[in-house]
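Take a look at the structure set out below.
The values are calculated or read from the model by the stated rules, or taken from the named source; none is laboratory data. All of these numbers come straight from a predicted model, not from anything done at the bench. Note that we place each Cβ from the backbone using ideal geometry, even for glycine, and neighbour counts take in every protein chain shown. We work out accessible area using only protein heavy atoms, side chains counted, and drop any ligands, DNA or RNA first. Shrake-Rupley method; radii C 1.70, N 1.55, O 1.52, S 1.80 Å.
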Amino acid sequence: MESQQEMAASLLKTSSMSLRTKLLHQTGLSLYNTSHGFHEEEVKKKLQQFPGGSIDLQKEDNGIGILTLNNPSKRNAFSGVMMLQLLERVTELENWTEGKGLIVRGAKNTFSSGSDLHAVKALGTPEDGVALCMFMQNTLTRLMRLPLISVALIQGWALGGGAEFVTACDFRLMTRESEIRFVHKEMGIIPSWGGATRLADIIGSKQALKVLSGALKLDSKLALSLGMVDEVLQSSDEAESLKEAQEWLSQFTQGPPEVIRALKKTVSSGKELCFEEALQTERDLVGTLWGGPANLEAIARKGKFCK
């Protein structure tokens, strides 16, 4: 006999959903397809030509993942292979049912200096730029929609694409000496990984325009005052700041994975869907938890407290 959770999950799959709702709740779906002129396999073949660095993922038993941008000789700039690996790691995280939280960091006290200029120069046509834009927008949107509470740990510089990356996380932490710099204007372009859109959502359109135009430089003090980051960490040491970030994130990830993940999905829905669709999503997610193990255990525990 079908359990209440299975029935609710079935309802979520079979009920009438908009394309946006489907993108939020079905893993592995791309924002773009061939109707947009996006040919993912062709883009992957081009990116494969530019090796260097890696995207490392460590999944802890407590449900916290640590995603490390690892290309320190180039200040963790994204090579083509790293862009491919990032998509692979996001896919892995989409399928990590025990996951509750994610820390994104760079190796050796630097977050990321953006795209590797070697790849940027080789992919120099407008067609290449748009294809890469669609590829990275897709990857970072899927990261943003993960049912994990995510935080970017910003040490050193987060430049260009690195600055865009941190906007895809739910929260941001900085060390005192770190900086976030959207240097796209200096390169004769605009953000292309979805960073401008997400930045405006985080700090408002007026402040975003000031930052993107170069009028505001986001050191840790200003970033905190604008609401760009949530806290400035005490330590700048690589190991100590990671420990601080883990402790900071743990305040949000206490409890069963299914509850934390449903909370994140509900907030994502409220942020991206129209009001009625968000309410319907909340309803469906409630159906996967109500009367479930975590709910029944909490009720029983509460009953004991009331005696």
What is the sum of charges around Gly214, taking Lys and Arg as +1, Asp and Glu as -1, for the other residues whose C-beta is under 11 Å from the C-beta of Gly214? +3
Give the aspartates and glutamates reachable from Lys59 as a straight Cα distance under 18 Å; neighbours fewer than 8 places away on the same chain don't count. Glu88, Glu92, Glu94, Glu98, Glu244, Glu247, Glu258
Estimated inter-spin distance, Ser225 and Asn70, nm [label 7 Å along Cα→Cβ]: 3.9
Projecting each Cα onto the charge dipole of the chain (Lys/Arg +1, Asp/Glu -1 at the beta carbon, about the Cα centre), which of Ser178, Gln207, Gln155 comes out farthest on the positive side? Gln207
Exposure of Lys74 as accessible area (Å², to 10), given a probe of 1.4 Å and all protein chains: 90
Mind computing the radius of gyration and Dmax over the alpha-carbon atoms of the chain? Å is fine for both. 20.1, 71
List the residues, sorted by chain then number, that are 5 or more residues from Val104 or on another chain and whose placed amide H is less than 5 Å from its amide H. Leu67, Val151, Ala152, Leu153
Excluding ligands, DNA and RNA, what is the solvent-accessible area per residue of the stretch 210-291 at a probe of 1.4 Å, expressed in Å²? 55
Can you return the aspartates and glutamates within cross-link range of Lys185? Criterion is Cα-Cα under 20 Å, with same-chain partners fewer than 8 residues away left out. Asp116, Glu127, Asp128, Glu164, Asp201, Asp219
Could you give the length gained by full extension between Lys108 and His39, i.e. 0.36 nm per residue of separation minus their alpha carbon distance, to one decimal place? 21.4 nm
So the carbon and sulfur contribution to the accessible area of the chain, 1.4 Å probe, in percent, is 55
Can you give me the distance in nm between label points at Gln48 and Lys185, each placed 7 Å from the Cα along the Cα-to-Cβ direction? 4.0
Please list the radius of gyration and Dmax for the stretch 30-160, considering alpha-carbon atoms only, with Å as the unit. 14.7, 45
Which value, in debye to the nearest 20, gives the size of the charge dipole of the chain about its Cα centre, when Lys and Arg are +1 and Asp and Glu are -1 at the Cβ? 460
Do the alpha carbons of any pairs in Lys74/Lys121; Lys100/Lys243; Lys45/Lys108; Lys264/Lys302 sit beyond 20 Å of each other, and which pairs? Lys45/Lys108; Lys264/Lys302
Stretched out fully, how many nm does the piece from Val130 to Arg176 gain, at 0.36 nm a residue minus the Cα gap? 13.0 nm
